[in-house]
1. Does at least one position in segment A:143-157 carry a residue that is part of a strand (DSSP E or B), out of contact with any Pro (no Cβ under 7 Å at 6 or more places or on another chain) and among the acidic types (Asp, Glu)?
2. Which residue out of A:170, A:126, A:143 is touching an Asp or Glu at 6+ places or on another chain (Cβ under 7 Å), closer than 24 Å to residue A:303 by Cα and either assigned by TED's automatic domain parsing to the domain that holds residue A:307 or of a type outside the set (S, T, N, Q) (or both)?
3. Quick one: in segment A:391-427, of everything that is in contact (Cβ under 8 Å) with a residue 40 or more places away in the chain, part of a strand (DSSP E or B) and among the basic types (Lys, Arg), which residue is nearest to residue A:85 (Cα to Cα)?
4. Inside segment A:142-166, can you point out the residues that are in contact with a helix residue (DSSP H, G or I) (Cβ under 7 Å, 6 or more places away or on another chain) and either surrounded by fewer than 22 Cβ atoms within 10 Å (Cβ to Cβ) or at pLDDT below 95 (or both)?
5. Can you confirm whether residue B:220 is within 13 Å of chain A (Cβ to nearest Cβ), within 22 Å of residue B:264 (Cβ to Cβ) and not basic (Lys, Arg)?
6. Please give the number of the condition residue B:122 fails out of (1) of a type outside the set (Phe, Trp, Tyr); (2) more than 14 Å from every other protein chain (Cβ to nearest Cβ); (3) in contact with a Ser or Thr (Cβ under 7 Å, 6 or more places away or on another chain).
7. Would you point out which residue out of A:106, A:91 is assigned by TED's automatic domain parsing to the domain that holds residue A:332 and assigned to a helix (DSSP H, G or I)?
Amino acid sequence: MKILFKNIRLLNPEQNLDKIANLLIIDGIISKISETDIQVDNETEVVNAENLIASPGLFDMHVHFREPGYEYKETIESGCKSAANGGFTGVVVMPNTNPTIDKPEVVEYIKQKAKDNLVELLQAAAITQNREGKQLSPMYELADHGVVYFTDDGTSVTDSNVMRRAFEYASAKDFMLAQHAEDHKLTENFSANESELTGKLGLKGYPNVAEEIIVARDIMLAEFLGNRRYHVSHISTRGAVRIVRAAKARGTRVTCEVTPHHFSLPDDLVASYNSDLKMNPPLRTNDDIDAMIDALKDGTIDCIATDHAPHSLHEKNVEFEKAPCGIVGLETSLAVSLTYLYHQNHLTLNQIIEKMAINPRKLLRIEVPSISEGNSANLTIFNPNEEWSVNKEKLMTKSKNTPYNKYQLKGKPYFTINNNKIHKCVL
Amino acid sequence: MLSKPYLLSSDDLTKEDIYKVFEKASFFQENYAPGVKFNDLKGVTVCLAFFENSTRTKLSFELAAKRLSADSFSFQSSSSSLSKGESLIDTLRTIEAMGVQIYVVRHNCSGSPNFLQQNTDGIVINAGDGKHEHPTQALLDSYTLYKKFGKLEGLKVAIVGDILHSRVARSNVNVLNTLGVEVAVCSPGTLVPRHIDNWKVKMIPNVDDAVEWSDAVMVLRLQRERMESGLLPTMREFSNYYGINKTHFEKKPDLVLLHPGPVNYGIELDYDVSNYPNVLIETQVTHGVFTRMALLSLLGSRFSK
């Protein structure tokens, strides 16, 4: 691989880097960065990159690749392709596979499947065995096999005493526990946000407080047990953000992520009963969206994560109440973030890169790729201004359950580079 | 013709639409006699797709279609391949392949008629979907009030009982509001939607006050499951505090009462009052056939001749 990007804008807030230069990559290594012309041989691909930006490779700390167990929805191979096509060089897969990621054998199986990939695939393991909320998983062993954090994602650890034990057990190694915050008793049989609209649509609602009660409880436990590391997955309500903001102000080690759909799509879209708008947590109100954006701006929300959740067409193309929760997101995440946050003047490009590439790695104590000569190239190259229309048939994920089909978005990934591999994005 | 080519929810009906239905229903009511057939739907095939059990709505639509000379057939999910695991969309495609133009759909999932309409070129009529809507019930109820009172603007109607789970209530609130009727609801706290304040209805906590305020009450059926699922402490308390009984009629003899049926006598309504002249439950059933004839005729006209 030899590729030269001419006049590309290099952007990495972590290095205080923002300049236009020529960038030469040879065999996966950043061979030269120069503001003057670089002479290359005729085997080198030359890209005129006046409109493009190179940033550290994007990282999504919350995706479902469904393997092992649900390979008809997504596989590690198709999931990684989808990630690369969306500009991501790193992902963390969730443990709600079958079998669950709760023992080293499963971790090793997934590692084997994911090796030699452009995308660095890391794993989150379950807090409790089989995600049943009862017996703790062997966290020390799992971490030694490379697990980067723990979560029962898909369900909450509802038993307060189990959550307490999990914090205590994790404290010996200072592991991060993440929570899918949902009081399941309050959300039984839900299909959408509890709002004026779901009252009218005759759908069982998912009230905001079901999320907020668990977030508040967990923060109280984390503080009570000596300021433990705690992360709220896919935060979605104004109240939950308020609780996290107050906790951060007290100096607790709480962090959180938001999905692109929770800052771009309001719950009134559900009036169409389109099951590609059904997910958990559900789409919230415009007021909640405003709160997500404010929290992204003031740093209450640390990062953007997709909760990429593929489901096949035959599962989704049914009565709304019977459809499973979840949407795919990897290939629209950057564009949706640029469209709804950067182009609406809520966040700068540097802030977008922080939320999508830098902060998630820092939370997980992973090295942030630096754009420097001699380093291996771990980069996302994108055009922040190109307008395009989403066509779900072009997505590389195995499932096509996106709510953004036919949406006009502004900003598009072009190249994803990592592990001496380059992917040209097709969208 | 109506403003929308289908009827999925009461939002599809404008005031003009509703009065067109009333006018046509009156015509059928005046001109129907045993043995008389109208040709409005001649050559049109109507499928009554009932994915949830129903007696009166299904019979009512069936008779309406037959009196309009439609070819109609019906199935209930228990007797169809849905019980064998066939998906709703496959069932629709199978029926569609047989050449059907109008689907009358009842389903226990809210929004199913919308889902079906998005996947067919035919016409879908919602005959009750989950806890969402039952727009033809609202049409026949408001037609009944129209026939009884002659004028609907300014009329006061109280809906009493389980609002939260009632598709009849949702459709009626909307249709009555469209027609300029003042609507109130009267219900225990666990059986009202949390955002009822935005429904353009008055809340009357006490059933005696609701009766006193209103020209007509609509009493809803209370499902026994509501108690089992912990929403109500006891049936006795519900019927003491929200049931309609003889004393209400003694205080207000001209009170008009509607109920979508079937009635749980002794719970939401006393059996003693069932044969009072202003208790219009049977009239509603009769009117149901004529309003459904009117609706089928108005929506189906694009297929006939």
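1. As a first pass, look at segment A:143-157 and keep what is part of a strand (DSSP E or B): A:149-150.
If we keep only those that are out of contact with any Pro (no Cβ under 7 Å at 6 or more places or on another chain) as well, we get A:149-150.
In the following step, the residues that additionally are among the acidic types (Asp, Glu) were identified as none.
Within segment A:143-157 (the criterion being part of a strand (DSSP E or B), out of contact with any Pro (no Cβ under 7 Å at 6 or more places or on another chain) and among the acidic types (Asp, Glu)), the answer is no, since none of the residues qualifies.
2. Details: A:170 fails: touching an Asp or Glu at 6+ places or on another chain (Cβ under 7 Å); A:143 fails: touching an Asp or Glu at 6+ places or on another chain (Cβ under 7 Å).
Going through A:170, A:126, A:143 in turn, the sole match is A:126.
3. A:412
4. A:145, A:146, A:154, A:155, A:158, A:160, A:164
5. The answer is no for residue B:220.
6. If we test residue B:122 against (1) of a type outside the set (Phe, Trp, Tyr); (2) more than 14 Å from every other protein chain (Cβ to nearest Cβ); (3) in contact with a Ser or Thr (Cβ under 7 Å, 6 or more places away or on another chain), just (3) comes out false.
7. Details: A:91 fails: assigned to a helix (DSSP H, G or I).
Being assigned by TED's automatic domain parsing to the domain that holds residue A:332 and assigned to a helix (DSSP H, G or I) holds for just one of A:106, A:91, which is A:106.
Residue by residue, here is whether (1) within 21 Å of residue A:153 (Cβ to Cβ); (2) surrounded by fewer than 22 Cβ atoms within 10 Å (Cβ to Cβ); (3) within 14 Å of chain B (Cβ to nearest Cβ) holds:
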| residue | (1), (2), (3) |
| --- | --- |
| A:326 | yes, no, no |
| A:349 | no, yes, no |
| A:362 | yes, yes, no |
| A:365 | yes, yes, no |
| A:368 | no, yes, no |
| A:380 | no, no, no |
| A:386 | no, yes, no |
| A:391 | no, yes, no |
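The values are calculated or read from the model by the stated rules, or taken from the named source; none is laboratory data. This structure is a prediction, so every number in the text was calculated from the model and none was measured. Here the Cβ is made from the backbone with ideal geometry for all residues, glycine too, and neighbour counts use every protein chain on show.
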